[in-house]
Amino acid sequence: MSIILIADDSKFMRCFLKNKLQQQRPLTFVEASDGQEAIDIYKLIKPDVTFLDITMPKVNGLTALR
């Protein structure tokens, strides 16, 4: 089963994206509410796919991507 990391400071957007993706097939999701949390989670779990919001607190999505 694929693991998907969704990093967005908006809980609404994380839920929206998760609901849309779950319509396709069962997936495992982890969420981050800011860029630093996304980096920490990524290092821990090594998800198969990561979605990053560009504007987030602490570390923005572009910096987290690097």
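Before moving on, here are some points about what is shown:
- Residue (of LEU62, GLN23, GLN36) at the positive-pole extreme of the stretch 3-65, dipole from beta-carbon charges: GLN23
- The stretch between ASP40 and THR55, if pulled fully straight at 0.36 nm per residue, gains 3.7 nm over its current Cα-Cα span.
- Each eigenvalue of the Cα gyration tensor of the chain, multiplied by 5 and square-rooted, gives one semi-axis; in descending order these are 19, 14, 8 Å.
- In order along the stretch 35-51, phi translates into HN-Hα couplings of x, 5, 4, 4, 4, 4, 5, 4, 4, 6, 9, 6, x, 6, 9, 10, 10 Hz, rounded to whole numbers, per the Karplus curve 6.51 cos²θ - 1.76 cosθ + 1.60 with θ = phi - 60° and x for Gly and Pro.
- Counting 0.36 nm for each residue step from PHE29 to MET13 and taking away their Cα separation leaves a gain of 4.4 nm.
No lab work stands behind these numbers, since they all come straight from the coordinates. As the structure is a prediction and not an experimental result, all values here were calculated from the model. Cβ sites come from the backbone with ideal geometry, for glycine too, and all protein chains shown count toward neighbours.
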